[in-house]
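Reviewing the structure listed below.
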Amino acid sequence: SEIDVEATGADQAVGFGLVGFSLSLFTYYTIWVIVLPFVDSDHVIHSYFLPREYSVILPGVAALILLLFVGTFIGVVTWKNRKPKKVD
Amino acid sequence: MTKLLEWLLGASLIGMAWGLVTFDLLDLQLPPQYRELAWPMPVYLLVVFGCYSLATVGYRVATFNDCEDAAKELQAQIKEAKEDLKKKGLKMPPSPVNRPLPVCRTRRK
């Protein structure tokens, strides 16, 4: 019979870390985009957030950086696996 | 209508509704807060989808279980099969020193 053991410590740390990061990002971004328009412009909470335009610019820049990383990774791996004359 | 057409139709309708609100094409005179809310919507939905995907992957990595018993049983069976084949004259390729433990398909306990 199979006895299931818990995932190893590192797996749990990474996994729950990702969950925590995603929740934090979601909460901050939701307050920024959804909640702030309905809050008086002289409320102190606005000082914790950049001007509204950045809520679109920053994800755009992040997506471009991500594409850059993925493209570079593919390029490096392809370059490392090149063989003279023939590529398998 | 195919699924693709359904999705494209739905996406177009939502896109048009968003465009109408953001660029005020019908002069609806909506309150400024709702216009402020509308224009980042496409990017917002993408970010939320990304967060949801990341959280799902993270959670499933954290709750994935190892099956030690099944792993040991499997390795014993592999050893047995190899010895049996060696007796019959088959040359075996060298096996890796640290064979990774197999993991269960089950997730939750």
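Coordinate-derived values only; no laboratory data. These numbers were taken from a predicted model, which means no experiment stands behind them. In this analysis, Cβ positions are derived from the backbone assuming ideal geometry, glycine residues included, and neighbour counts consider all displayed protein chains.
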Legend entry - Average other protein chain Cβ within 10 Å of Cβ, residues A:15-25: 6
Legend entry - Where labels lie 7 Å past Cα in the beta-carbon direction, separation of B:LEU5 and A:THR27 in nm: 4.7
Inset, instruction - Please work out the C-alpha center-to-center distance from region B:9-74 to region A:1-71 and express it in whole Å. - result: 12
Inset, instruction - Kindly state, to the nearest 0.05, the FRET efficiency for B:ASP69 paired with A:ILE45, given R0 = 41 Å and r defined as their beta-carbon distance. - result: 0.15
Inset, instruction - Could you tell me which of rounded, prolate or oblate describes chain A, using a ≥ b ≥ c as the square roots of the eigenvalues of the alpha-carbon gyration tensor, with rounded for a/c under 1.5 and, failing that, prolate when a/b is larger than b/c and oblate otherwise? - result: oblate
Legend entry - Test item: B:45-53 mean partner chain Cβ contacts at 10 Å: 5
Legend entry - Order of A:THR78, B:THR63 - criterion: other Cβ atoms within 10 Å of each residue's Cβ, fewest first: A:THR78, B:THR63
Legend entry - Packing-based ranking, highest mean first, of B:18-24, B:1-7 given that Cβ atoms within 10 Å are counted: B:18-24, B:1-7
Inset, instruction - Starting from the Cα gyration tensor of region B:22-86, take the square roots of the eigenvalues, sort them a ≥ b ≥ c, and report rounded, prolate or oblate (rounded when a/c is under 1.5, otherwise prolate if a/b is larger than b/c, else oblate). - result: prolate
Legend entry - Folded to 0 to 90 degrees: helix A:9-30 orientation relative to chain A principal axis, Cα: 40
